Amino acid sequence: MSSGSSRYVRYLLFAVFALAVLAFISRSSLPLPTNYESNIIPQTPQDSKGSVDPSYQTPANSGPPALTPSGERVNATFVTLARNQDVWEIAKSIREVEDRFNRNYHYDWVFLNDKPFDDEFKKITTALVSGTTHYGLIPKEHWSYPEWIDQDKAKAVREDMKARKIIYGDSESYRHMCRYESGFFFRHELMLNYRYYWRVEPSIQLFCDISFDPFRYMMENKKKYSFVLSLYEYYETIPTLWNSVKKFMKTNPEYIAEGNSMGFLSDDGGETYNKCHFWSNFEVGDLDWLRSDAYINYFDSLDRDGGFFYERWGDAPVHSIAAGLLLKKEEVHFFNEIAYYHVPFTHCPTGEQTRLDLKCHCNPADNFDWKGYSCTSRYFHINNIPKPEGYEKETK
Ligand SMILES: Nc1nc2c(ncn2[C@@H]2O[C@H](COP(=O)(O)OP(=O)(O)O)[C@@H](O)[C@H]2O)c(=O)[nH]1
Ligand SMILES: *[C@@H]1O[C@H](CO)[C@@H](O)[C@H](O)[C@H]1NC(C)=O
Ligand SMILES: [Mg+2]
């Protein structure tokens, strides 16, 4: 026992010595770039509030992009809300977006977090994004309880929802997240530099090449909001949301667009909500619309009613109802060509030729669009848009 452990100590000393020699050799004679780490993560200038200077650029990604001159890029950015521990799941998503699209464009990517991003997160994501990356801290006022919220009541709701096993029902952070995505991300100082955004969440997949620029499509066709998947919301999370919306419509009729998509949201002319919404983990949209008086007043009105905390209102129905009522029908777009997966749903483009042309690897049988729980048929119906070619054959 004792001779075994002293041998072990000798091995250990030898190993340490060998490693030191190796480290010395590699430092002095191998052509490794010195200061490699600090080239990847330069010091990020932080102001007193802790948010990152928008002019922060990584040396590796600064300079003119190789393939697309910036003149051909639209004023736009990817945006991701994430925690430090989401790094490997967001890394997968970035890789998908880069391989299928952004390697040819080099659009910027803004990362937002309620806590400061750590160096690991910044290093991994900056290496993967072909455009410039920006890291922002969310100001406390945008991620906390408004003064009119009774926090004891909110706590009781979480306990009740936990007992009723409602998904994320017991989570306080999820509620702050939904409220932030509903009313604040587009007002973060880093986002003020852009007109269009594309939201990306961790662990998504893109199954086809994206052979066009969705940002440019939005701009040239005056689209303000877009989606790839739609479905019915879980009623328990939004029981009074529509009441709140109706109150807003009544007090602010000037904001309700003529020729809107009420038919997507309601089957009885607005009396009740049918729970249809666009799935907001994918969105390409117009930030100036979200920053408009109409949207801000809509958000403030809902926020006052407290449902982000007293229920569990999601940013998906909140954005969707706004897109459905404050925008004209034609301003909301469905991207059939963008093949997308976020657990548990797939949008695989309808039409075999489209899938072949775009080198898709999704199984069309997995496409959610024409299944019973999707609202996408309804979107086509109210817009009088013919369903994509191949629709009949692919609807079983
Ligand atoms: N910074 C931060 N991001 C969060 C938090 N909770 C969720 N997110 C992010 O918000 C988005 C939605 O969260 P996710 O867990 O994907 O929710 P789900 O898609 O509804 O299951 C993702 O981009 C997450 O990374 C949080 O507490 N802090
Ligand atoms: C990009 O859009 C934002 C928001 O509309 C605007 O403030 C900014 O000036 C634009 N930047 C450029 C370079 O056009
Ligand atoms: Mg998600």
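The values are calculated or read from the model by the stated rules, or taken from the named source; none is laboratory data. Everything quoted here is computed from the prediction, not taken from an experiment. Cβ placement follows ideal geometry from the backbone for every residue including glycine, while neighbour counts extend to all protein chains displayed. Surface areas here come from the heavy atoms of the whole protein model, side chains and all, with no ligands, DNA or RNA. Shrake-Rupley method; radii C 1.70, N 1.55, O 1.52, S 1.80 Å.
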With label points built 7 Å along Cα→Cβ from the Cα atoms of Arg291 and His361, find their separation and express it in nm. 3.9 nm
What does the accessible area of Met219 come to, in Å² to the nearest 10, when a probe of 1.4 Å is used? 80 Å²
Given Cβ point charges of +1 (Lys, Arg) and -1 (Asp, Glu) and nothing else, what value in debye, to the nearest 20, does the dipole of the stretch 76-393 about its Cα centre take? 140 debye
When only DSSP loop residues count, what GluC sites (Glu not before Pro) in the stretch 290-396 have their Cβ near at most 10 other Cβ atoms within 10 Å? none
How much length is gained if the chain between Tyr174 and Lys250 is pulled fully straight, taking 0.36 nm per residue apart and subtracting their Cα-Cα distance, in nm to one decimal? 24.4 nm
Please report the carbon-and-sulfur percent of the accessible area for the stretch 132-172; probe 1.4 Å, protein heavy atoms only, DNA, RNA and ligands left out. 50 percent
How much solvent-accessible surface does Glu181 expose, in Å² to the nearest 10, with a 1.4 Å probe and all protein chains in place? 10 Å²
Ellipsoid equivalent to the stretch 298-396 - semi-axes via the Cα gyration tensor, in Å: 31, 16, 12
Keeping all protein chains in place, calculate the accessible area per residue for the stretch 76-393 (probe 1.4 angstrom), answer in Å². 41 Å²
Long-range tail of P(r) for the stretch 76-393 (Cα pairs > 33 Å, %): 23 percent
Let me spell out the model: positive unit charges on the Cβ of Lys and Arg, negative unit charges on the Cβ of Asp and Glu, origin at the Cα centre of the stretch 97-183. What dipole size does that give, in debye rounded to 20? 260 debye
Principal axes of the stretch 135-252: Cα extent on each, largest first, Å: 49, 37, 31
